[in-house]
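Worksheet: the structure to be examined is printed underneath.
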Amino acid sequence: MNKENTNRILGYKCVGCGKEYPVEPFLYQCQKCNSNLDVQYDYDLIREIWTVDDLKQFPYQSLWRYHPLLPVENPPENLSMQSGGTPLLSFPGMLTDIGKVNLYVKDDTRNPSGSLKDRATEVGIRHADELGKDTIVAASTGNAAASLAALAAFYEKKAVILTPAAAPPAKLTQILQYGAILYPVDGTYDDAFELSILVAEANGWYSRSTGINPVLVEGKKTVGLEIAEQLNWQVPNKIFVPTGDGCIIAGVYKAFLDLIRLGWITKLPQLIAVQAEGSP
């Protein structure tokens with residue numbers, strides 16, 4: 001990759017205290033206040049090297065069409081996995097409690113393992129590869145683990161999954177079928193999450209934990225970039241986002257903020273976090 005493309009990634013900035021960090025060495029969280037980090041880009045440079053017309057020439061309908069806004073030096077050589085590039089389904093004139101609305105549904109069940117998690121996993125695996133990490137660890141109750149197991153098998157990486165006691169048996173079967181190493185944890189998801197961080201640090205493994213890894217938010221933001229492109233850069237009024245640890249909604253916000261900084265759109269949509277009623 002040429003020097004210009006490499007220099008578009010400036011480093012990381014703490015979302016809590018504002019402390020800035022260089023690209024290397026890679027850190028998961030702020031060393032000063034332990035808050036999450038946000039990837040910083042040189043938007044002036046990106047505007048010079050990348051335009052809307054470049055998107056039209058990209059040969060694959062995958063998340064790698066947005067590579068200049070992703071924190072890796074190069075896309076993977078094999079682009080056949082096709083994470084991203086999912087359809088935006090239109091339901092015009094749908095009758096709701098507030099009247100008729102034009103509803104769109106982003107169908108990320110079309111991703112390789114069947115969920116939006118593949119976007120984070122795809123970018124995370126590529127980042128791990130550039131860091132020279134062959135083993136990737138994650139704690140998950142289901143979808144993230146299945147995503148990591150599937151994509152790690154495709155990219156010939158070793159996946160280590162820590163699952164809490166409440167993980168659905170069907171998901172565990174899916175994880176094992178992809179050849180991942182599965183460690184059940186006698187405890188909650190939080191217990192598995194904390195253990196996964198300790199295990200990653202002790203063994204020098206790459207952590208696919210959306211709660212701490214800033215690169216994964218960048219992968220998930222591609223769903224927002226796709227929505228904007230599929231609507232021909234017309235910003236929707238509202239976007240309803242399924243929310244757990246907040247990684248997806250943070251990514252969608254970052255997507256539209258990036259597009260404003262590039263001058264491709266002029267306003268942000270209203271983002272509405274949605275959780276199941278029984279969520280803790």
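Where a number appears in this text, it was derived from the coordinates with a stated rule and is not lab data. Every value quoted in this text rests on a predicted model; they were computed, and no experiment measured them. Here the Cβ positions follow ideal geometry from the backbone for every residue, glycine too, while neighbour counts run over all protein chains shown.
Some points to look at:
- Search result, residues across the range 164-214 that are under 30 Å from GLY16 (Cβ atoms), part of a strand (DSSP E or B) and of a type in the set (Ser, Thr, Tyr): TYR206, SER207
- Among the residues of the range 215-240, those identified as buried (at least 19 other Cβ atoms within 10 Å of the Cβ) and among the β-branched types (Val, Ile, Thr) are VAL215, VAL217, THR222, VAL223, ILE227, ILE239.
- When LEU172, LEU151, LEU182 are screened for being in contact with a Ser or Thr (Cβ under 8 Å, 6 or more places away or on another chain), closer than 25 Å to THR243 by Cβ and either surrounded by fewer than 23 Cβ atoms within 10 Å (Cβ to Cβ) or among the charged types (D, E, K, R) (or both), only LEU172 passes.
- Residue list for the range 80-96, filter: touching a residue at least 40 places away in the same chain (Cβ under 8 Å) and either loosely packed, with under 12 Cβ neighbours inside 10 Å or hydrophobic (A, V, I, L, M, F, W, C) (or both): MET81, LEU88
- Being surrounded by 12 or more Cβ atoms within 10 Å (Cβ to Cβ), more than 30 Å from THR86 (Cβ to Cβ) and hydroxyl-bearing (Ser, Thr, Tyr) holds for only one residue in TYR21, TYR60, and it is TYR21.
- Close pairs (7 angstrom Cβ cut-off, 6 or more residues apart or separate chains): closer than 13 Å to ALA144 by Cβ and in contact (Cβ under 8 Å) with a residue 40 or more places away in the chain in the range 176-190, surrounded by 13 or more Cβ atoms within 10 Å (Cβ to Cβ) and among the aliphatic types (A, V, I, L, M) anywhere: TYR189/ALA139
- Of the criteria (1) surrounded by fewer than 24 Cβ atoms within 10 Å (Cβ to Cβ); (2) in contact with a Cys (Cβ under 9 Å, 6 or more places away or on another chain); (3) of a type in the set (A, V, I, L, M, F, W, C), which one LEU131 fails: (2)
- For the residues VAL72, VAL52, the requirement of being loosely packed, with under 14 Cβ neighbours inside 10 Å and closer than 23 Å to GLY224 by Cβ singles out VAL52.
- The range 217-237 residues that are closer than 13 Å to GLY84 by Cα and without any contact (Cβ under 8 Å) to a residue 60 or more places away in the chain, paired with ones that are surrounded by 16 or more Cβ atoms within 10 Å (Cβ to Cβ) and aromatic (Phe, Trp, Tyr) (beta carbon under 8 Å, 6 or more apart): GLY224/TYR253; GLY224/PHE256
- Yes/no for GLY18 being of a type in the set (Gly, Ala, Ser) and under 21 Å from the mean Cα position of the chain (by Cα): no
- Scanning the range 215-260 for residues that are of a type in the set (Val, Ile, Thr) and part of a loop (DSSP other than H, G, I, E, B) yields VAL235, THR243.
- Taken together, the residues in the range 97-128 that are touching a residue at least 12 places away in the same chain (Cβ under 8 Å) and either touching a strand residue (DSSP E or B) at 6+ places or on another chain (Cβ under 9 Å) or not in a helix (DSSP H, G or I) (or both) amount to 17.
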